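S.K.: This is the structure I have questions about; it appears just below.
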Amino acid sequence: MTEPRRYGDAGQAFPIYITVVGALLFLAFAYLAVGQAAANRNSAQTAADAAALAAAQDTRDQLADAWVKEVGEPANWQDIFDGIATGLAPSCWRADQLADQNDAHVEACAQTGPLEFEVAVQMDKPVGDSIVPGTEGKFAKASAIAVIEARCGFEPLGEDAGDEELPTLTCDGEDWDLDPEDLDGLPAPEDLFDVHLAD
């Protein structure tokens, strides 16, 4: 009399087993979908960060070149350190390049100030199929702001300074005694300006 009951218990447990396995599979696919979405968001943010930094670095290099041209005119230094110089070319083309290298494209790029760039990107590939409906046509997006900051300062020379004398340039605690006749001895762009993502 006990055998049939044992088989009956096994028969009742089977649907529960199927339900539990199905639930576990659903959770596994759900975690996979969440991980896939997070990976796409991270990729988009990486592309946006790289694009914004690239645009800012291009402008930094142009400002450094402008400073080298004006090294003999200390009266113009502060404007350059503030991001103001004649002949600066647009730098968003560098954002396009870096976004492309990260499988994304720039949707918006703007120089929001003399020393600031804001870039928005979208990934070229969609999130992909998952248990979440509609994700196959969704594209991850992200934005970033990059800032240029002058590392250097100087004390203007007094009225009794000679025409050939230049102020000592101090960059992050390091003094540079400048010689406009020795361009190889001048600070590099990364000595003059820092480029970083906005906090």
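Bear in mind that the values in this text are calculations on the coordinates, not laboratory data. Owing to the predicted nature of the structure, the values given are computational and were not obtained by experimental measurement. As a convention, Cβ positions derive from the backbone with ideal geometry for all residues, glycine included, and neighbour counts pool all protein chains shown.
S.K.: How about K125: which lysines have a C-alpha closer than 17 Å to its C-alpha, ignoring those fewer than 8 places off in the same chain?
M.R.: K138, K141
S.K.: Within a Cβ distance under 9 Å of N40, other residues only, what is the Lys/Arg minus Asp/Glu net charge?
M.R.: +3
S.K.: Separate question: Stretch E190-Q45 to full length: gain in nm at 0.36 nm per residue minus the Cα-Cα span?
M.R.: Result: 49.8 nm gained on full extension.
S.K.: Once the Cβ-Cβ distance between F139 and Q97 is put in as r, and R0 is 22 Å, what FRET efficiency do you end up with, to the nearest 0.05?
M.R.: 0.65
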